[in-house]
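What follows is a short report on a single structure.
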Amino acid sequence: MASAKFAGMSTKGVTVVLGAQWGDEGKGKLSDILSQEADVCARCQGGNNAGHTIVVGKTKYDFHMLPSGLVNEHCISVIGAGVVVHVPSFFEELSNLEKKGLDCTGRLFVSDRAHLVFDIHQTIDGLKELELGRGSIGTTRKGIGPTYSSKASRSGLRVHHLYNFEEFEQKFRVLAANKHKRYGHFDHDVDAEIERYKILAEKLKPYVTDSVYFMNKAIKDKKKVLVEGANALMLDIDFGTYPYVTSSNTAIGGVCTGLGIPPQTIAKTIGVVKAYTTRVGGGPFPTEQLNEIGEYLQRVGFEVGVTTGRKRRCGWLDTVVVNYSTIINGYTSLNITKLDILDQLDEIKIGVAYKVDGEVLEGFPANLALLDRVEVVYETMPGWKSDISKCRTFEDLPVNAQKYIRRIEELCGVPVEWIGVGVDRDDMVIIPQA
């Protein structure tokens, strides 16, 4: 019987794991499995607005900013230059992992080029949501967007600024003054945050590295490198359902720009696809089910955000979304997750096309007003009405479950390599690839 521990990373270059929908697909579980083989596991973008849970035996590890490769005691984890780092949250998350028995000493590094998230950014995040009112995006209010905004306006501070503290203090005061000019008076103690970072700078120093040289040396030395994407394609700042997106490039391009590695070093790109669809916060969701099916998926799938605690919106699998995601990211294989959540359904629907005024759209539209008008074309397949949690090979799955997977492959044109059938690390069906 195949073991999840030996699911294959590429031996010819970097392996990348990316979300193919709106996030929360279960990327962390596959990243955890693959990191058991990896020498290096890296995050390339996002911040602690993402979140996933890894279950090993009876222990649950919650990850937000740190790479899930930390679960493997032999794997080095890297937070790349494209990630935005809230240093207090970095140490809080690290402490929580160490309390559960993970020894991260000497195997966790942060890019000196990564931008810093400050408490003032988190305050601004909330103010921006209030400013938008009913049109709010539904951010996690972790300060991610305002930090990327500071980065784009060239007023941000990076990790390396902490080690010329006079320069850091000067730049931080300018940053804070500009925020007060933009948003008026709000409670924020500039002096207190500066003093806090004087202490945090020394605490962070052992973790700081030049990630560009670190990553490229690892690749040159033929190390097994895993890149763990945060969020997902439909939340990409350029290609997602803008403006209901995150503030970073969650697509394959963000791997190169966030880590400083060339595209030709990427050998394998795995798209993680939930067996149905979910999203958190506002924005369009064509296959959303505001009915008993949606309630069933939410309840049985325990669709609650790890970072926010918010209930996720739920609906049928949407292959228009997955195909759009595949075009951009070029998946070499798929990981279908949470297939077991569909176990008790009599029938299962797949969204296969969008129509507007009777005409089939070529793909996923950029125009949200047009997206609001789409009629989803569904295919209906019979359910399997049985527990698949003990299945470990494709042949173990009920025939109707096999047909569902094969239909996804046909509709998306990408082979399925992994199928999640439960929450534990070993609850994974592996389909060997040529």
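The values are calculated or read from the model by the stated rules, or taken from the named source; none is laboratory data. Just so it is clear, the model here is predicted, and its values are computed rather than measured. Don't worry about glycine lacking a Cβ; one is built from the backbone with ideal geometry, like all the others, and counts go over all protein chains shown. All accessible areas refer to the heavy atoms of the entire protein, side chains included, with ligands and DNA or RNA removed. Shrake-Rupley method; radii C 1.70, N 1.55, O 1.52, S 1.80 Å.
Summed over the range 288-320, residues that are buried (at least 16 other Cβ atoms within 10 Å of the Cβ), out of contact with any helix residue (DSSP H, G or I) (no Cβ under 6 Å at 6 or more places or on another chain) and not aromatic (Phe, Trp, Tyr) total 16. When Leu204, Leu233, Leu162, Leu157 are checked against the criterion of being modelled with pLDDT of 95 or more, within 30 Å of Lys12 (Cα to Cα) and in contact with a strand residue (DSSP E or B) (Cβ under 9 Å, 6 or more places away or on another chain), a single residue qualifies: Leu233. The single residue among Phe109, Phe90 that is farther than 26 Å from Met428 by Cα and either in a strand (DSSP E or B) or more than 19 Å from the chain's Cα centre (by Cα) (or both) turns out to be Phe109. Selection of the range 12-42 for residues being open to solvent by 10 Å² or more (accessible area, probe 1.4 Å) and not small (Gly, Ala, Ser) yields Lys12, Asp24, Lys27, Lys29, Gln36, Glu37, Asp39. When we screen Leu116, Leu108, Leu70, Leu132 for residues that are open to solvent by less than 60 Å² (accessible area, probe 1.4 Å), of a type in the set (A, V, I, L, M) and at pLDDT below 95, the only hit is Leu70. Need the failing condition index for Leu339 against (1) touching a residue at least 60 places away in the same chain (Cβ under 8 Å); (2) surrounded by fewer than 22 Cβ atoms within 10 Å (Cβ to Cβ), just the number. So the condition that Leu339 fails would be (2). Kindly provide the set of residues from the range 359-374 that are open to solvent by 70 Å² or more (accessible area, probe 1.4 Å) and farther than 12 Å from Val320 by Cα, ordered by number. Passing the criteria: Glu359, Ala366, Asn367, Asp372, Arg373.
Those helices (runs of 4 or more DSSP H) of the range 199-316 in which 1 or more residues are more than 30 Å from Lys349 (Cβ to Cβ) and in contact (Cβ under 8 Å) with a residue 60 or more places away in the chain occupy 211-220, 252-259.
Among the conditions (1) under 25 Å from Phe239 (Cβ atoms); (2) of a type outside the set (Gly, Ala, Ser); (3) more than 27 Å from the chain's Cα centre (by Cα); (4) open to solvent by less than 30 Å² (accessible area, probe 1.4 Å), the only one that Leu397 does not satisfy is (1).
A single member of Gly51, Gly57, Gly106, Gly101 is closer than 23 Å to Asp238 by Cα and out of contact with any strand residue (DSSP E or B) (no Cβ under 6 Å at 6 or more places or on another chain), and it is Gly51. Within the range 387-401, can one find any residue that is under 30 Å from Tyr244 (Cβ atoms) and assigned to a loop (DSSP other than H, G, I, E, B)? Taking every residue of the range 387-401 in turn, none turns out to be under 30 Å from Tyr244 (Cβ atoms) and assigned to a loop (DSSP other than H, G, I, E, B).
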